[in-house]
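Colleague: Sharing a structure, written as structure tokens. Questions coming.
The values are calculated or read from the model by the stated rules, or taken from the named source; none is laboratory data. Predicted model, so just to flag it, every value in this text is computed and none were measured. Backbone-built Cβ (ideal geometry, glycine too); neighbour counts: all protein chains shown. Just the protein is used for accessible areas: all its heavy atoms, side chains included, with ligands, DNA and RNA removed. Shrake-Rupley method; radii C 1.70, N 1.55, O 1.52, S 1.80 Å.
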Amino acid sequence: MFAILDSLLDPQRLIILLIAVAVFATILTVAAPLVEGDKLRGRLRLVSGERDRLRAQHKVNLQAETRLRERNKGLLTQLVAALNLRQLFQAENSRGKLRQAGLRSERHLLIFLAIRLVTPVLLAVCVFIYTSTFYADKIPPQMRLASVFVALIAGVYLPNVMIKNLIVRRQKSIRLAWSDALDLLLICVESGMGIEPALQRVSREIGSQSVPLAEELTLTHAELSYLPERRKAFENLGKRTGLATVKSVVTSLIQSERYGTPLGQALRVLAQENRDARMQEAERKAAGLPPKLTVPMIMFFLPVIFLIILGPSAIQVMEMRK
């Protein structure tokens, strides 16, 4: 055992071992990017067949509503049709919110309408069973009934709150990557590309930074290929994102398509304005940081400082009393 330890602790052997570890780490670092798969391709695989799906969906939407109901005989469709949930819950507004959240298919709309119907009842029943089982003797019946009504009201707003959170998260991802996407779009347009190949190229490049933005640009490129009015494709991009910065670029694209105005100059101005807006937003957040730090400093920093300053004096006083 000691002989093995002595051989391992030999300086020459240690140097050889460290050199071998360094060579292995270098080879691993160089070979890792080659072995790693294409994450962007995997992320955009979900929207690779979006053009064909949009064409089929466009054909279905052109058909009559009665024929669409006859074809879809699923349980959710029958439930929505029987209870007239489309009119009750304003299906078009819900459809717009779901598209902003990244849920675009008709099935997503049916599921959301069914959830809006079931959630208040289910939450109220759960609260009633819970309060009647565990707090039957501790809470009077009036309070249990009030808790059921509160659960019922919370169930009405809960699906919208969840969709709103998805929308905010998606818009945040798009907003953070929009400046870079706009710069890439400007470079592609000024290099001589048309708007369609430019959108396709930008969607591939920006996918590693923001998958939602790559999806939206891919959908816009798909809609430009089959919609009779190209203006509608750009308007759909602004509606799906719900961001003012995107809508301003959409307006420039529509004007360029309609009047033939140069797109590069407009995109350059919009890109600069977007950068300035991001800088102003960062400065606003930095200016609001000191008031936000006041309470944490009072609660966490000052007690530690007082303990460090007054601790030795308190220890000396206690020793003198002994």
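Colleague: Pick out the one residue from R278, R240, R231 that is open to solvent by 70 Å² or more (accessible area, probe 1.4 Å), at pLDDT 85 or above and closer than 23 Å to R175 by Cα.
Modeller: Only one candidate passes the filter, namely R231.
Colleague: Test of understanding: among S147, S132, S105, which residue is open to solvent by 30 Å² or more (accessible area, probe 1.4 Å), among the hydroxyl-bearing types (S, T, Y) and modelled with pLDDT of 85 or more?
Modeller: Matching residue, one of S147, S132, S105: S147.
Colleague: Further, regarding this structure: Does V317 count as within 30 Å of N93 (Cβ to Cβ) and β-branched (V, I, T)?
Modeller: no
Colleague: Please tell me if A222 is within 25 Å of R201 (Cβ to Cβ), surrounded by 19 or more Cβ atoms within 10 Å (Cβ to Cβ) and in contact with a Lys or Arg (Cβ under 9 Å, 6 or more places away or on another chain).
Modeller: Against the criterion (within 25 Å of R201 (Cβ to Cβ), surrounded by 19 or more Cβ atoms within 10 Å (Cβ to Cβ) and in contact with a Lys or Arg (Cβ under 9 Å, 6 or more places away or on another chain)), A222 qualifies.
Colleague: Okay, moving on. Within the range 118-129, track down each residue that is under 31 Å from the mean Cα position of the chain (by Cα) and crowded, with 18+ Cβ neighbours inside 10 Å.
Modeller: Once the filter is applied, which keeps residues that are under 31 Å from the mean Cα position of the chain (by Cα) and crowded, with 18+ Cβ neighbours inside 10 Å, the range 118-129 yields T119, P120, L123, A124.
Colleague: Here's another thing I want to ask about it. Counting only residues that are among the basic types (K, R) and touching a residue at least 40 places away in the same chain (Cβ under 8 Å), which one in the range 165-215 is surrounded by the fewest Cβ atoms within 10 Å (Cβ to Cβ)?
Modeller: Step by step, filter the range 165-215, then rank; the result is R204.
Colleague: Select, from A222, A214, A271, the only residue that is more than 22 Å from K97 (Cβ to Cβ) and in contact with a helix residue (DSSP H, G or I) (Cβ under 9 Å, 6 or more places away or on another chain).
Modeller: Just a single option satisfies the conditions, and that option is A271.
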